[in-house]
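The values are calculated or read from the model by the stated rules, or taken from the named source; none is laboratory data. From a predicted model like this one, the values you see are computed outputs, not experimental measurements. Methodologically, a virtual Cβ is constructed for each residue, glycine included, from the backbone with ideal geometry; neighbour enumeration extends over all protein chains shown. Please note that ligands, DNA and RNA were not included when accessible areas were found on the heavy atoms of the full protein model with its side chains. Shrake-Rupley method; radii C 1.70, N 1.55, O 1.52, S 1.80 Å.
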Amino acid sequence: GVGMGMTAPVSITAFLAEDGSFQPKVKVSLRIPSQFQASPPCPTDESIKIEERQGMTIYSMQFGGYAKEADYVSYAAKLKAALGSDAAYRKDFYLCNGYDPPMKPYGRRNEVWFVKE
């Protein structure tokens, strides 16, 4: 019963199919605002889980515009190419992050993250 408003980034964990496209399942993560961090309200929907994301080191590539799945796939490929074969990172998923509300038309920020192993 507590409204927390929108937070950024909205982070989508994309699990990859053999061809590099997204599998049908994704995981959407939202940051709990600072004032609720110590004691988050309990979700009333069973499909919503509160998880603590552990610290991580990431490789990231930023891009603008209204991001679609094809954009994340494209920028993930560009990040992979930029890293080359020497970088060790998780290959079974990557994170797609959006930082802006839907009604912001210009100056949008999106990022693809690979989690360093």
So which residues in the range 29-56 are within 30 Å of ALA82 (Cβ to Cβ) and surrounded by 10 or more Cβ atoms within 10 Å (Cβ to Cβ)?
SER29, LEU30, ARG31, MET56
Being small (Gly, Ala, Ser), at pLDDT below 90 and under 17 Å from VAL115 (Cβ atoms) is true for just one of GLY1, GLY5, GLY20. Which residue is that?
GLY20
Report, by residue number, each residue of the range 16-28 that is open to solvent by less than 50 Å² (accessible area, probe 1.4 Å) and within 16 Å of the chain's Cα centre (by Cα).
LEU16, SER21, PHE22
Scanning for something modelled with pLDDT of 90 or more and on the phi > 0 side of the Ramachandran plot, does the range 62-77 turn up at least one residue?
yes
Which ones in the range 82-107 are part of a loop (DSSP other than H, G, I, E, B) and of a type in the set (A, V, I, L, M)?
ALA87, ALA88, MET103
Considering the range 88-117 alone, what residues qualify as being among the aliphatic types (A, V, I, L, M), modelled with pLDDT of 95 or more and more than 16 Å from LEU16 (Cβ to Cβ)?
ALA88
With the first residue restricted to the range 95-117 and required to be open to solvent by 70 Å² or more (accessible area, probe 1.4 Å), and the second required to be part of a strand (DSSP E or B) and at pLDDT 95 or above, Cβ contacts under 9 Å at 6 or more apart or on different chains are ARG109/GLN62; ARG109/PHE63; ARG109/ASN97; ARG109/GLY98; LYS116/ILE58; LYS116/TYR59; LYS116/TYR89; GLU117/TYR89
